[in-house]
Amino acid sequence: MAREMEKARKATSSPNKRSPRHEQPLSYNRLHTEERAIRRAGYNYQVASKINTQEIIRRFEEKLAQLMEEREIKLMRKEMVPKAQLMPAFDKPFHPQRQLLYII
C-alpha cells in the first residue's frame, strides 16, 4: 500500500512545477546594482564639483598673491630710488688720523 501511495503522489505532482521563489523571471527581481550606480554617479558628481571648486579657489588665491607681489615690487621700486653719492677726491686721499693717547 505504501508503494501505491507513493506512485499516486508522484503522479499528481508534475515534474515541471517550479518552486514559488522562481516563478518570476530573474529580470524582474530588483538588483542593487542599479541603485548603487545611481548613488555612485551622484557621489562622483559631488567629488568632481568639490575638486573643481578647490581648483577655482586655488587659481584665485594664486592670482591674488601675484597681484600683491606686483604691488610690493612697485612700492619697493618707488622707495628705493638710487641717489647719487659724491665721488671721492683722488688728488687728496683721505687718511684718518690716529688719536694719540697720552699717558699721564
Margin query: The conditions are (1) at pLDDT 85 or above; (2) exposed (fewer than 10 other Cβ atoms within 10 Å of the Cβ); (3) of a type in the set (A, V, I, L, M, F, W, C), and MET1 fails exactly one of them. Which is it?
Written below: (1)
Next item on the list: Would you mind stating whether VAL47 is among the β-branched types (Val, Ile, Thr) and in a helix (DSSP H, G or I)?
Entry: yes
Checklist line | Residue list for the stretch 23-60, filter: among the acidic types (Asp, Glu) and either exposed (fewer than 10 other Cβ atoms within 10 Å of the Cβ) or modelled with pLDDT under 95 (or both) | finding: GLU23, GLU34, GLU35
Checklist line | Any hit, the stretch 64-76, residues being modelled with pLDDT under 95 and in a loop (DSSP other than H, G, I, E, B) | finding: no
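The values are calculated or read from the model by the stated rules, or taken from the named source; none is laboratory data. Because the structure is a prediction, the values reported are computed rather than measured. Using ideal geometry, Cβ is built from the backbone for each residue, glycine included, and neighbour counts are taken over all protein chains shown.
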